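Asker: Pasting a structure below so you can have a look.
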Ligand SMILES: [Zn+2]
């Protein structure tokens, strides 16, 4: 998932977007990258929005000491501290967005806001286990991956990092942030309960992981089953195209000038992957695992068997999501089978 350096320079800092600090992206709005050690994404952008009563943060980071330290240093640049945070608007319930918001929210009595579609995911993490992912991999015919997951020791999750938020968002709504008004827009796909926040007055979209400037967001990697992740994701991208064009403030990667331009690229990418997947099942009826093994992966076109367990699993689940879309479009059929559902063209 590495990207060329020039593309990864953020215009607000003039440096690689992962460089620590606090960078002004607009009047009263600052980007603070927090580290994600041992994660290919490298960092997550948290955005601090100044209000008369304190700071609203969009996303919270991962609850690890390195991230908390980087957040404190970033806020210090603004002459503030964690005690000034009054609210976290979280885009979705992945650990690198939610867990530090949950922990700090409790500590400094800041309210945490999250889409209600993430209810099941939070509860599933608190229960522990990779059951839903194993089930989807089994449906995909990826039995070797299921076997490898079963041999991995489950991490223990601190329930304080996965508590419910103070506010569950439902449907399209608005959130007052000081004198600003953010449109909170449900954008299921990356996760079922993902939200983006649009500041139309300032021309900004806090996009979370829905629209990323240099990589394609993973689809449906969550501890619950349900939904039709790629169909939902593409519909959610189309929703962004229907808004006025905004500057892209992503959770991973540099700030970019146009949400629309990136949405067009992402939709085109998925149409291309759909065509490749259809070509594979036209040649031979296949499981999602077999289709994934035939396709190139990442922008460097890696072979499937060179991916690690985590990325290989993401690849299989994404392929299953593509095949689901082909079935929904009426160009493929799906026959359930115990060792993996079989997809064929027609
Ligand atoms: Zn995510």
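Asker: Answer with yes or no whether residue 273 is touching a helix residue (DSSP H, G or I) at 6+ places or on another chain (Cβ under 9 Å) and assigned by TED's automatic domain parsing to the domain that holds residue 32.
Answerer: Here the answer is no, as residue 273 does not meet what is asked.
Asker: Checking the conditions here, which among 207, 202, 184 is more than 15 Å from the ligand (Cβ to nearest atom), in contact (Cβ under 8 Å) with a residue 12 or more places away in the chain and either under 17 Å from residue 241 (Cα atoms) or assigned to a helix (DSSP H, G or I) (or both)?
Answerer: From the options 207, 202, 184, the qualifying one is 184.
Residues checked against (1) loosely packed, with under 15 Cβ neighbours inside 10 Å; (2) within 15 Å of the ligand (Cβ to nearest atom); (3) over 28 Å from residue 53 (Cβ atoms); (4) assigned by TED's automatic domain parsing to the domain that holds residue 46:
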| residue | (1), (2), (3), (4) |
| --- | --- |
| 140 | no, no, yes, yes |
| 150 | yes, no, yes, yes |
| 153 | yes, no, yes, yes |
| 163 | no, no, no, yes |
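Asker: Now for a different question. Could you list, in sequence order, the residues of the range 176-233 that are more than 19 Å from residue 266 (Cα to Cα) and under 13 Å from the mean Cα position of the chain (by Cα)?
Answerer: 193, 222
Asker: Could you tell me which residue of the range 327-344 is surrounded by the fewest Cβ atoms within 10 Å (Cβ to Cβ), considering only residues that are outside any loop (DSSP other than H, G, I, E, B) and touching a strand residue (DSSP E or B) at 6+ places or on another chain (Cβ under 6 Å)?
Answerer: Ranking the candidates gives 335 first.
Asker: Does residue 102 fit the bill of being touching a helix residue (DSSP H, G or I) at 6+ places or on another chain (Cβ under 9 Å) and either within 26 Å of residue 216 (Cβ to Cβ) or not assigned by TED's automatic domain parsing to the domain that holds residue 309 (or both)?
Answerer: Yes: the conditions hold for residue 102.
Listed here are the residues, each with its yes/no results for (1) touching a residue at least 60 places away in the same chain (Cβ under 8 Å); (2) in the same structural domain as residue 291 (by TED's automatic domain parsing); (3) surrounded by 14 or more Cβ atoms within 10 Å (Cβ to Cβ); (4) more than 16 Å from the ligand (Cβ to nearest atom).
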| site | (1), (2), (3), (4) |
| --- | --- |
| 80 | no, no, yes, yes |
| 93 | yes, no, yes, no |
| 109 | no, no, no, yes |
| 127 | no, no, no, yes |
| 145 | yes, no, yes, yes |
| 169 | no, no, yes, yes |
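Asker: Being more than 21 Å from residue 93 (Cβ to Cβ), assigned by TED's automatic domain parsing to the domain that holds residue 100, part of a strand (DSSP E or B) and touching a residue at least 40 places away in the same chain (Cβ under 8 Å): is that true of residue 25 here?
Answerer: yes
Asker: From 70, 103, which residue is under 23 Å from residue 248 (Cα atoms), assigned to a helix (DSSP H, G or I) and away from the ligand (no atom under 15 Å from the Cβ)?
Answerer: Among 70, 103, only 70 is under 23 Å from residue 248 (Cα atoms), assigned to a helix (DSSP H, G or I) and away from the ligand (no atom under 15 Å from the Cβ).
Asker: Also, quick follow-up: Mind checking which residues of the range 73-94 are over 16 Å from residue 161 (Cβ atoms), under 20 Å from the mean Cα position of the chain (by Cα) and part of a loop (DSSP other than H, G, I, E, B)?
Answerer: The one that is over 16 Å from residue 161 (Cβ atoms), under 20 Å from the mean Cα position of the chain (by Cα) and part of a loop (DSSP other than H, G, I, E, B): 91.
Asker: Moving on. Could you list, in sequence order, all residues of the range 131-179 that are in contact with a strand residue (DSSP E or B) (Cβ under 6 Å, 6 or more places away or on another chain) and assigned to a strand (DSSP E or B)?
Answerer: Residues satisfying the conditions are 167, 169, 173, 174, 175, 177.
Asker: Take the range 249-259 and flag every residue that is within 16 Å of the ligand (Cβ to nearest atom) and either more than 18 Å from the chain's Cα centre (by Cα) or assigned to a loop (DSSP other than H, G, I, E, B) (or both).
Answerer: The answer is 251, 252, 253.
Asker: Within the range 221-230, identify whether any single residue is within 16 Å of the ligand (Cβ to nearest atom), outside the structural domain of residue 274 (by TED's automatic domain parsing), assigned to a helix (DSSP H, G or I) and within 16 Å of residue 93 (Cβ to Cβ), and answer yes or no.
Answerer: yes
Asker: Can you spot a residue in the range 231-248 that is away from the ligand (no atom under 15 Å from the Cβ), assigned to a helix (DSSP H, G or I) and under 23 Å from residue 40 (Cα atoms)?
Answerer: no
The values are calculated or read from the model by the stated rules, or taken from the named source; none is laboratory data. Given the structure is predicted, the values throughout are model-derived calculations rather than measurements. Here the Cβ is made from the backbone with ideal geometry for all residues, glycine too, and neighbour counts use every protein chain on show.
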